[in-house]
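Structure first, then comments.
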Amino acid sequence: MRAVVCTKYGPPEVLQMQDVTKPIPGAREVLVRIRATTVTMGDFRIRSFTVPAVVWLPARLVLGITGPRQSILGIELAGQVEAVGAQVTRFAPGDRVFAATLKGFGAYAEYRCLPEGGPIAHIPRALTYEEAAAVPIGARTALHYLRRAGVVPGQEVLIFGASGSVGTYAVQLAKHFGARVTAVSSTANLELLRSLGADSVIDYTAGDFAHEASRYDVVFDAVGKCSFADAMKVLKTDGTYLNCTPAMPSLAMLRMKLTGARKLILGEGPPETPEALEFVGDLIAAGKLRVVVDRRYTLDQMVEAHKYVDQGHKKGNVVVSVA
């Protein structure tokens, strides 16, 4: 099968198309013919080894010393089940599925074996493969953090970096849970965020949200670019701060976590189970959750896709057709 392989860290050009061995499913695995994948900020960080200096050594030990230990990157996919193991009961050949592949990566290829009990589910009928591939990471992450925060109707939720993959889902899911949502992004994305249901939008290029009078029950930094000090200025004294990106909490975060009344939830990913994916799939099928796709590429254009994501300005998701 064809796959995009990354044998060393570096710019997008380190990605190379190669022929590799097609996998064979185990007893409790499904073999998926991948139709679409994505390029996420997670893929960018792994490929370029963009990590904080304080975690440089442990990150190298986990990911790989000179290059990614798992040379085929890609952390979400959509496709069709081609074969199943002898003990698989949830899926059958021909099923359309989407899945997260954070454990082992491997979505930048034509085939991937996945455990039946992992974060894999049937694709909602209304979605194309390209749209479905853009759901498993961003939507599950947003859902996980908002659930951890215990968002309830009537709460005020501020989402910083609201136009990215996690952010666009967070806006919609917070509204689904009954919150009043304020979305922070740049000028070009404000109308998109309004269309997703944001009650208020703040253009960070034109003003500083930290100096406004509003206070929030939940502050969700979906991109890791909001100053923690600014977030604390607008978070209520009994509020919850969410950040899905830090590899290592700052001293200020640790101090607040140990001594403050505010609740901090940092860098904790969703469990590797199908429940969350099935939940967001049901919302999509009911027309209550929308997938935002910024640009589309083909597998042969993976270098160009990474170059675009490297700029840090994608709206929602960047998808890659594998078929």
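Note on region 264-289: among residues that are assigned to a loop (DSSP other than H, G, I, E, B) and crowded, with 19+ Cβ neighbours inside 10 Å, the one that is nearest to the chain's Cα centre (by Cα) is 270.
Is one or more of the residues making up region 3-14 loosely packed, with under 14 Cβ neighbours inside 10 Å, touching a Leu at 6+ places or on another chain (Cβ under 8 Å) and not charged (D, E, K, R)? Checking region 3-14: not a single residue is loosely packed, with under 14 Cβ neighbours inside 10 Å, touching a Leu at 6+ places or on another chain (Cβ under 8 Å) and not charged (D, E, K, R). Filtered by the rule that a residue be part of a helix (DSSP H, G or I) and among the polar types (S, T, N, Q), region 212-263 gives a lone residue, 259.
The sole residue among 136, 153 that is touching a helix residue (DSSP H, G or I) at 6+ places or on another chain (Cβ under 9 Å), over 24 Å from residue 190 (Cβ atoms) and either β-branched (Val, Ile, Thr) or in a loop (DSSP other than H, G, I, E, B) (or both) is 136. Considering only residues that are hydroxyl-bearing (Ser, Thr, Tyr) and touching an Asp or Glu at 6+ places or on another chain (Cβ under 9 Å), look in region 29-68 and name the one that is surrounded by the fewest Cβ atoms within 10 Å (Cβ to Cβ). Here the answer is 48. When we screen 130, 110 for residues that are touching a Ser or Thr at 6+ places or on another chain (Cβ under 9 Å), under 22 Å from residue 293 (Cβ atoms), of a type in the set (Asp, Glu) and at pLDDT 95 or above, the only hit is 130.
Taking region 65-91 as the range and being of a type outside the set (A, V, I, L, M), under 22 Å from the mean Cα position of the chain (by Cα) and in a loop (DSSP other than H, G, I, E, B) as the test, the residues that pass are 68, 69, 70, 71, 74. Contact map, region 78-90: first residue in contact (Cβ under 8 Å) with a residue 12 or more places away in the chain, second residue of a type in the set (S, T, N, Q) and part of a loop (DSSP other than H, G, I, E, B), Cβ cut-off under 9 Å, separation 6 or more or different chains; pairs are 78/128.
With respect to residue 125, is the statement that it is touching a residue at least 24 places away in the same chain (Cβ under 8 Å), of a type in the set (Lys, Arg) and not assigned by TED's automatic domain parsing to the domain that holds residue 76 true?
no
For region 204-258, the candidate set comprises residues that are without any contact (Cβ under 8 Å) to a residue 12 or more places away in the chain and of a type in the set (D, E, K, R); within that set, the residue that is surrounded by the most Cβ atoms within 10 Å (Cβ to Cβ) is 257. Per the listing 148, 96, 125, the residue uniquely under 26 Å from residue 292 (Cβ atoms) and at pLDDT below 95 is 125. Taking (1) surrounded by fewer than 17 Cβ atoms within 10 Å (Cβ to Cβ); (2) farther than 20 Å from residue 3 by Cβ in turn, residue 26 satisfies each apart from (2).
The values are calculated or read from the model by the stated rules, or taken from the named source; none is laboratory data. Just so we're clear, the structure is a prediction, and the values are computed from it rather than from any experiment. A quick note on method: Cβ atoms are made from the backbone with ideal geometry, for glycine too, and the neighbour counts reach across all protein chains shown.
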